Amino acid sequence: MLNAPGQDPANASADAPLRVALMSCAHTHAFSYAALLEARTDVDLVVADPDGYGDVRGVRVVGSYQDAWEAWPEGPDAIVVTSANAHHRELVLEAARRGVHVLCEKPLATTVADAEEMVAACREAGVVLMTAFPVHFSPAVQALRGAVADGTLGEIVGLTGTNNGKLPAGRDWFTDVELAGGGSLVDHTVHLAEILDSALGEPESVHAVSNRILYADRAGEGAETGGLVTLTYASGVVATIDCSWSMPADAPTWGGLTLQALGTGGQLQIDAFAQHVGGPGQWLPYGTDLDALLLDAFLAAVRAGEASAPTGEVGLRTVRVVAAAQESVRTGQPVALAEV
């Protein structure tokens, strides 16, 4: 194993369980990741709950990060970071110092400088750093990437994306600007920014507007609840991201993600969470488990000792998009990504 002298997951027996610590129960994805990891025979899981949420059960839970680092004599092989956004940096840097592989929730960090430091530290330590973008693995998203790449849609003219959701509840840090890094611009821009990055590369400039029209009485001070981010590429292609917390509180699910691509040869629209049945007040998903595919990719990367998409580098690039959007909101002007 990685932390034992002379051993590394890439050379260890395929039957040896990987020691994985899930760091924090602050993010809502911690529930899913813990359940999926606990069910695997190739993983020995420990969950750190330093904030005392107490609602991730059925697994080995410890009360501090230090307890998780020391849960095994050799330390963990990998960690999954599901803390509040502002705490990602310290956990990832500690993992790099210890030679431990990392899957980090999005956004990778709350500032570009922190994200750059995290990527550099993991690169220098020779450890895997991946960013938790489950929708990257959606069959619909893969179909869109393929259609853009093979020219099925002709020359791409523009793309329109929506990642709308409910105002986060039960985890108040999501609307705390200090802990989250912002409001809905931070929470709901990065998924689509990653998809666009995988299909088109980095944008040239970003223009954004935001407001607090919805849920202003419940959101943290200074946290925007609605936003529209426009990305312009060197080719002239324009893409928009509606990143608002605009779903009603009584909606049957948290929200959703759609993306429509318009080209000279046709158009393609995807709905990443279309696979569901239900009625009033009910939402029963079926089909592909995107969280499971993300964890499959990460654990394979840990064993191989080499990151696969979505990497820490794409996490950094999406943080740059968010930072540019925040600066654009502040100034009212488009912001060149090269200046962020």
Spin-label model distance (nm) - Ala216 vs Ala143, 7 Å beyond Cα toward Cβ
4.1 nm
So what is the diffusion coefficient of the range 45-88 in µm² per second by Stokes-Einstein at 10 °C and 1.306 mPa s, using a Kirkwood Rh over Cα pairs?
143 µm²/s
Heavy-atom accessible area of Val329 with all protein chains present, probe 1.4 Å, nearest 10 Å²?
50 Å²
Which whole-Hz couplings ³J(HN,Hα) result when phi for each residue of the range 187-198 is put into the Karplus expression 6.51 cos²θ - 1.76 cosθ + 1.60, θ = phi - 60°, listed in order with x for Gly and Pro?
5, 10, 8, 5, 4, 5, 4, 5, 4, 5, 4, 5
Expressed as a whole percentage, what fraction of the accessible surface of the range 134-239 belongs to carbon and sulfur atoms when a 1.4 Å probe is rolled over the protein heavy atoms?
53 percent
For the chain, what's the relative contact order in percent, using C-alpha pairs closer than 8 Å and at least 6 residues apart?
20 percent
Would you look at the GNM of the chain, springs on alpha carbons closer than 10 Å, and say which of Tyr53, Tyr215, Tyr33 moves the most?
Tyr53
Could you list the chymotrypsin sites (Phe, Trp or Tyr not before Pro) in the range 250-332 that lie in coil according to DSSP, counting only those with at most 12 other Cβ atoms within 10 Å of their Cβ?
Tyr286
Identify the GluC sites (Glu not before Pro) of the range 188-283 meeting these criteria: DSSP loop state and at most 10 other C-beta atoms within 10 Å of the C-beta.
Glu221
HN-Hα couplings for the range 49-60 via Karplus (6.51, -1.76, 1.60; θ = phi - 60°), in whole Hz with x for Gly/Pro, come out as 10, x, 8, x, 4, x, 10, 9, 10, x, 9, 6
Given a 1.4 Å probe and the protein chains all in place, what does the accessible area of Met247 round to, in Å² to the nearest 10?
50 Å²
Just one of (i) 174; (ii) 189; (iii) 138 is volume of the Cα convex hull per residue in Å³ calculated from these coordinates, so which is it?
(iii)
Spherically averaged projected area in nm², based on the convex hull that wraps the Cα atoms of the range 109-155
5.2 nm²
Of all beta bridges DSSP finds with both residues in the chain, what is the antiparallel percent, to the nearest 5?
55 percent
For the chain, the charge dipole (Cβ of Lys, Arg +1; Cβ of Asp, Glu -1; about the Cα centre) points to a positive end, and the Cα of Val43, Ala16, Val229 closest to that extreme belongs to Val229
Would you look at the GNM of the chain, springs on alpha carbons closer than 10 Å, and say which of Pro310, Pro134, Pro73 moves the most?
Pro73
Using a probe radius of 1.4 Å on heavy atoms only, what accessible surface per residue do you get for the chain? Whole Å² is fine.
41 Å²
Classify the range 256-328 as rounded, prolate or oblate from the Cα gyration tensor: take a ≥ b ≥ c as the square roots of its eigenvalues, call it rounded if a/c is under 1.5, otherwise prolate when a/b beats b/c and oblate if not.
oblate
Computed E for Gln282/Ala169 - FRET, C-beta separation, R0 30 angstrom, nearest 0.05
0.95
If you find the alpha carbon centre of the range 149-218 and of the range 239-314, how far apart are they in angstrom?
13 Å
Between the alpha carbon centres of the range 36-51 and the range 74-130 the gap in Å comes to 18 Å
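The values are calculated or read from the model by the stated rules, or taken from the named source; none is laboratory data. Because the structure is predicted, anything quoted here is derived from the model rather than measured. Virtual Cβ from ideal backbone geometry, glycine too; neighbours counted across all protein chains shown. Note: accessible area is taken over every heavy atom of the protein model, side chains too, but ligands, DNA and RNA are not part of it. Shrake-Rupley method; radii C 1.70, N 1.55, O 1.52, S 1.80 Å.
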